[in-house]
Structures are given as structure tokens and as C-alpha cells.
Amino acid sequence: MTGQDAPVRMQGRIVVVTGGARGIGRAIVDRLAAEGATVVIGDLTDPGEVGAGLDVAGHREWVPLDVTDEISVLEFAESVQAGHGGVDVLVNNAGIMDTRSILDETVADWDLTMAVNLRGPFLMVKHLLPLMDGRGSPSIINIGSIEGLAANALHAAYATSKAGIHGLTRALAVDLGPMGIRVNAIAPGWIDTDLNRGYVDRHPNRETTMAELASLHPVGRIGDPADIAATALWLASADAGFVTGQVVTVDGGRMTRLPIPASLADDA
Ligand code: NDP
């Protein structure tokens, strides 16, 4: 098969990706566009300022969006409706991570994490739902986290918001199923993006930290944004037509490996 007649799974479909300027969102944008989708990136930031421009294969555009702000979401929805006439796939990816003790956490810190990570997906679904009406097999993909299943230290707000996204996913799958809309979440493990690069860079020996991180994963490496994009493509495609209400963990097996004392590790 030549590149020209290779199958494209998202031909003619309109996709919205929040937080798609960089990181995991950007990888989802690029993968779905490469599969034929027209992708609208909703982000605070112009993707051209933080990474490669939008000039490679596929149709991609940026519409400014703050997912925490209902007016911004409404204006975004109007723009997508005017430009494309509807939405087939919504990927709620925009998220922030808040690392501090509960004693240091202010109400404003807590509310900001909830506003981006939880209110944002709620507003996006609420105001883009009318754009999904009458489309062929629409679906919603929420980016949750393994921290919605377990927690790192000092992540009370973040882990709570991600557990909330998993709950929202299940609730919406039940409510929107009768309208023909599938709703799933991806729970990524440790993915190499700016979000946690800064976290690693705070430690003096980056190489050692990265090697230790890799060793936590049965597959022997941390994740790449492309790993999450591949799962998003599957969930958006007809191949996942009977899959809804699921949280798909994509973590290189990290959550599956039971911890054992270091002194016994050689026997494993
Ligand atoms: P990045 O920080 O690399 O990218 C996040 C993007 O979201 C940025 O472009 C950011 O814009 C945008 N964004 C932030 N706030 C808003 C907002 N209010 N409205 C619109 N866009 C906004 O993060 P990642 O790619 O690493 O993470 C993406 C998602 O994956 C998040 O939900 C995160 O929680 C989740 N995740 C990530 C993991 C990882 O290991 N990286 C692991 C598990 C889950 P700006 O640059 O202007 O702030």
C-alpha cells in the first residue's frame, strides 16, 4: 500500500482538542489531523508560539479559549459552529498540576485546579453538545490521570480533580449514550511533557531521576505524548464503537507492578 492510499480513520471529521497547543494535546492534534480530521485547537496559547507551527499535513487551526470561563467557551462554540457546522469528537485535555501541602493550599489554588481540570470539561461538554447533535457516531474523550486512581504526595487538589474527571466520564456515558455519544477517559501515566519536566528539573541529578523513573515501568521507559495520541485515535474511531464509560490506563504498566522491598527486588 502506498502512502497515498493508506487508510485514514478520521477523514471528514471535526475534532476539538482543548489545551492542544503543546504536550499531550498537541500530539493528539497532530495524530488525528494526520488521519484526516479537521482539528480545532482551543487553548490560551497560540500553538505557533510554543512548538511547531500548524503548517504540516492535515487541517488544524487555533481558536483562543479559556476553558474556565463560560463566555470564552460559548464564543469558542460559536466560532466552531460558524466555521465547521458541528463537532464529531471533543477531547477535554487542558489541565494544570498543583503541587503543595494541604496546609499551604489556599482556596484560590484549590479553586483554580478545579476550574481548569473539572469546570472546564463540564463547560465544554455543556456548550459543545448542541454541535454534536445529528453527527455520525460522536464521542468525547477526557484526559484523566493515574492520579485519579492513586496519588502522588502533595497532590490533593490535582488527584481530586482527576478522580472527578473519571466520575464525570462515567456519568456522561450513562446520560449521553441514548443520544449516540460515547464518553471515555484516558488515564496517562508519566508522560514526557513540560507539565512534569519542570518537576524533574527541580532535582539535582536529572539523569539519575529519569533512570529511576524508567525503572518503575515494566516496559522500561516513561511515556511519550504519541502513546496517548494513539489511544485517543482508537477511542475516537469506529473500532471503539462499543466502548463507553471506560477509563483506559496508558502507563507502561506502572500501576500494575506491585511494589516490593528493594532487598527482595533481585528475586523478582
Ligand atoms: P502541558 O502543560 O504540557 O499542556 C497543557 C496545555 O493546556 C497548555 O497548552 C496550556 O496552555 C493549556 N491550558 C492550561 N489551562 C488552560 C485553560 N484554562 N484553557 C485552555 N487551555 C489551557 O500539559 P500535558 O500535555 O502534560 O497535560 C495534558 C493533560 O494530560 C492534562 O489534563 C494533564 O493533567 C494530563 N496528564 C498529564 C500527564 C503527564 O505526565 N504529562 C499524566 C497524566 C495526565 P498554557 O501553556 O497557556 O498554560
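The requirement of being loosely packed, with under 14 Cβ neighbours inside 10 Å and within 15 Å of Trp190 (Cα to Cα) is satisfied by Ser215. Being surrounded by fewer than 10 Cβ atoms within 10 Å (Cβ to Cβ) and not assigned by TED's automatic domain parsing to the domain that holds Ser139: is that true of Leu264 here? Spelling it out, Leu264 is indeed surrounded by fewer than 10 Cβ atoms within 10 Å (Cβ to Cβ) and not assigned by TED's automatic domain parsing to the domain that holds Ser139. Scoring Pro259 on the criteria (1) in contact with a helix residue (DSSP H, G or I) (Cβ under 7 Å, 6 or more places away or on another chain); (2) outside any helix (DSSP H, G or I); (3) surrounded by fewer than 16 Cβ atoms within 10 Å (Cβ to Cβ) leaves a single failure, condition (1). Of the residues making up segment 143-174, those that are surrounded by 20 or more Cβ atoms within 10 Å (Cβ to Cβ) and touching a His at 6+ places or on another chain (Cβ under 8 Å) are Gly144, Gly148.
Of all the numbered requirements in (1) modelled with pLDDT under 95; (2) of a type in the set (A, V, I, L, M); (3) within 13 Å of the chain's Cα centre (by Cα), Val200 misses one, and that requirement is (3). Can you name the residue in segment 31-57 that is within 16 Å of the ligand (Cβ to nearest atom), at pLDDT below 95 and among the acidic types (Asp, Glu) and is also farthest from the chain's Cα centre (by Cα) among such residues? It comes out as Glu49.
The values are calculated or read from the model by the stated rules, or taken from the named source; none is laboratory data. Note that the coordinates shown come from a computational prediction; the quantities given were computed from them, not determined experimentally. Cβ sites come from the backbone with ideal geometry, for glycine too, and all protein chains shown count toward neighbours.
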